[in-house]
Amino acid sequence: MTAGIPLFIRHASQLVTLASGSQQPVTGRQMSELSIIEDGAVWVEDGLIQAVGTDSELARRYHERLGEAEILDASGKIVTPGLVDPHTHLVYAGSREIEFEMRLNGKTYMEIMRAGGGIHSTTRATRAASEKELIQQATTRLDSLLKHGVTTVEAKSGYGLTLESELKQLRAAHKLNEKHPVDIVSTFMGAHAIPEEYKTNPDDFVQIIVSEMIPEVARSGLASFNDVFCEKGVFTPEQAKKILRAGLSYGLLPKIHADEIEPYQGAELAAELKAVSADHLLRASDSGIQQMAASGVVAVLLPGTAFFLMTEPANGRKMIEAGCPVALATDCNPGSSPTVSMPLMMNLACLTMGMSLSEVLTASTINAAHALKMADRIGSIEPEKQADLVMFDAPNYAFLQYHYGVNLVNTVVKNGRIVIKKGVAMYDVSLSAS
Ligand code: NIG
Ligand code: FE
């Protein structure tokens, strides 16, 4: 679409709007209410959604301007909001397929990390890579995320673990955001691992994060959120609290990798700090889940991680019933979830976390937008929101999770512009990689 020309999406078999009529994250039974319009249409102009309704309503309303619009025929297909992936480790160097093989042969994720592999291995590769190399490698992943329907993605640092290399990762994300159609929201995660050089004095590293890294990252303006891997053998709840509080005092909003491998009071800490989200939660306690629901913390669940680590997933059903707003994410990273497919995460959430076909859509759009504090702009198809939309080769939303492991994305509209058409990139891919 050329700038200035309206885009008229017509005849969607189901226009899945996710309009909830509320500014709050969606909870409980409302997570299954998708606000579907059959034979739906959207009028897009100036990068924004201007009008949403049935095809005949909008055709009537815009009949004098039909001739000037580019038409996107969505007959036989569903249209959803652009998917939002609120938890990734997008920017890193290298890969760790050797560790996958080790895990298949019985080694655990934490054993590999304790032996200097895991996050440490990616940290070595990321420290050694130039900013340009990081951008190039992240571009490939971002292109694939977009091809799978993602229009906004969160990206964490955390493979630098020194001020300089954390900033290098954040700068890479920032530059990529400027060039690439997908919007990137950055999270500082200097507390992703205790670097090997601080193995014997982890509190010194915590102090460096608090007094050196956080102030400098905040000054750089390169991150919106602050995240900690609160896990036995990594950062204790006390250390995590100190780091998240320090971030807050500099305007970095708290997120937390909570109760991923073992129960560790992560959900409770997220509730206490009123974190924007608590992520993973595979081993969260019942009381922690209740406390999160009471504090309005978004539970960001990562079904790909449990699947890939071959472990019992988070209990999404229980969290929804407890009143937590649940979101889904890929956790795209080189160790525990090397995937770029949000649709696959939705399928896994249905099959392994007790979530319904409709709940997973809420979790991947409007609630994921809430996990990034962006729900005023994205996550649903409503007038005045960004025109971020996906058209899937699926006649109804159930088909999306049913025909699994296949990329059903046909067309992606980002800020009113068609960026993927019949599965093919319409933007200059070389631009974002250079
Ligand atoms: O979310 N748990 C910590 N961080 C990532 C994994 C990072 C890695 O293994 O490189 C996660 O699972
Ligand atoms: Fe993660």
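The values are calculated or read from the model by the stated rules, or taken from the named source; none is laboratory data. Values in this document were obtained by computation on a predicted structure and should not be read as measured data. Every residue, glycine as well, gets a Cβ built from its backbone with ideal geometry; the counts of neighbours run over all protein chains shown. For the accessible areas, the whole protein counts, side chains as well, though only heavy atoms, and no ligand, DNA or RNA atoms are used. Shrake-Rupley method; radii C 1.70, N 1.55, O 1.52, S 1.80 Å.
Here are the numbers for this structure:
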{"item": "Residue count, segment 90-103 (criterion: open to solvent by 100 Å² or more (accessible area, probe 1.4 Å) and within 16 Å of ligand 2 (Cβ to nearest atom))", "result": "0"}
{"item": "Odd one out for ALA69, checked against (1) open to solvent by less than 50 Å² (accessible area, probe 1.4 Å); (2) farther than 17 Å from THR140 by Cα; (3) in contact with a helix residue (DSSP H, G or I) (Cβ under 7 Å, 6 or more places away or on another chain)", "result": "(3)"}
{"item": "Options SER56, SER75: the member that is assigned to a loop (DSSP other than H, G, I, E, B) and either hydrophobic (A, V, I, L, M, F, W, C) or touching a strand residue (DSSP E or B) at 6+ places or on another chain (Cβ under 9 Å) (or both)", "result": "SER75"}
{"item": "Filter result for VAL52 (open to solvent by less than 20 Å² (accessible area, probe 1.4 Å), of a type outside the set (Gly, Ala, Ser) and under 22 Å from THR362 (Cβ atoms))", "result": "no"}
{"item": "Which numbered condition VAL26 fails, given (1) in contact with a strand residue (DSSP E or B) (Cβ under 7 Å, 6 or more places away or on another chain); (2) open to solvent by less than 20 Å² (accessible area, probe 1.4 Å)", "result": "(1)"}
{"item": "Index of the failed condition, VAL84 passing every other in (1) within 13 Å of ligand 1 (Cβ to nearest atom); (2) open to solvent by less than 10 Å² (accessible area, probe 1.4 Å); (3) touching a strand residue (DSSP E or B) at 6+ places or on another chain (Cβ under 8 Å)", "result": "(1)"}
{"item": "Only listed residue being under 22 Å from ASN407 (Cα atoms), more than 16 Å from ligand 2 (Cβ to nearest atom), surrounded by fewer than 24 Cβ atoms within 10 Å (Cβ to Cβ) and without any contact (Cβ under 8 Å) to a residue 24 or more places away in the chain, chosen from LEU351, LEU357, LEU344", "result": "LEU351"}
{"item": "Some residue of segment 316-324 being in contact with a strand residue (DSSP E or B) (Cβ under 9 Å, 6 or more places away or on another chain) and within 16 Å of ligand 2 (Cβ to nearest atom)", "result": "no"}
{"item": "The listed residue being in contact (Cβ under 8 Å) with a residue 60 or more places away in the chain, within 13 Å of ligand 1 (Cβ to nearest atom) and more than 20 Å from VAL84 (Cα to Cα), out of GLY266, GLY335", "result": "GLY335"}
{"item": "Within segment 187-229, considering residues that are more than 16 Å from ligand 1 (Cβ to nearest atom) and within 19 Å of ALA278 (Cβ to Cβ), the one least open to solvent (accessible area, probe 1.4 Å)", "result": "ALA223"}
{"item": "Pick from segment 263-286, criterion more than 16 Å from ligand 2 (Cβ to nearest atom) and more than 18 Å from GLY247 (Cα to Cα), ranking: surrounded by the most Cβ atoms within 10 Å (Cβ to Cβ)", "result": "GLU268"}
{"item": "Odd one out for GLY423 among (1) in contact (Cβ under 8 Å) with a residue 40 or more places away in the chain; (2) touching a Pro at 6+ places or on another chain (Cβ under 9 Å)", "result": "(2)"}
{"item": "Among (1) among the aliphatic types (A, V, I, L, M); (2) over 15 Å from ILE261 (Cβ atoms); (3) more than 16 Å from ligand 2 (Cβ to nearest atom), the one test that MET310 misses", "result": "(2)"}
{"item": "Elements of type helices (runs of 4 or more DSSP H) contained in segment 134-240, each with 3 or more residues being polar (S, T, N, Q)", "result": "163-179"}
{"item": "Lone unmet requirement of (1) open to solvent by 50 Å² or more (accessible area, probe 1.4 Å); (2) within 16 Å of ligand 2 (Cβ to nearest atom); (3) in contact with a strand residue (DSSP E or B) (Cβ under 6 Å, 6 or more places away or on another chain) for LEU253", "result": "(2)"}
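Results for (1) surrounded by 21 or more Cβ atoms within 10 Å (Cβ to Cβ); (2) under 17 Å from GLU231 (Cβ atoms); (3) within 16 Å of ligand 2 (Cβ to nearest atom), shown as yes or no for each residue.
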| position | (1), (2), (3) |
| --- | --- |
| ASN105 | no, no, no |
| THR108 | no, yes, no |
| GLY118 | no, yes, yes |
| ALA129 | yes, no, no |
| LYS132 | no, no, no |
| ALA138 | yes, no, yes |
| LYS147 | no, no, no |
| TYR159 | yes, yes, yes |
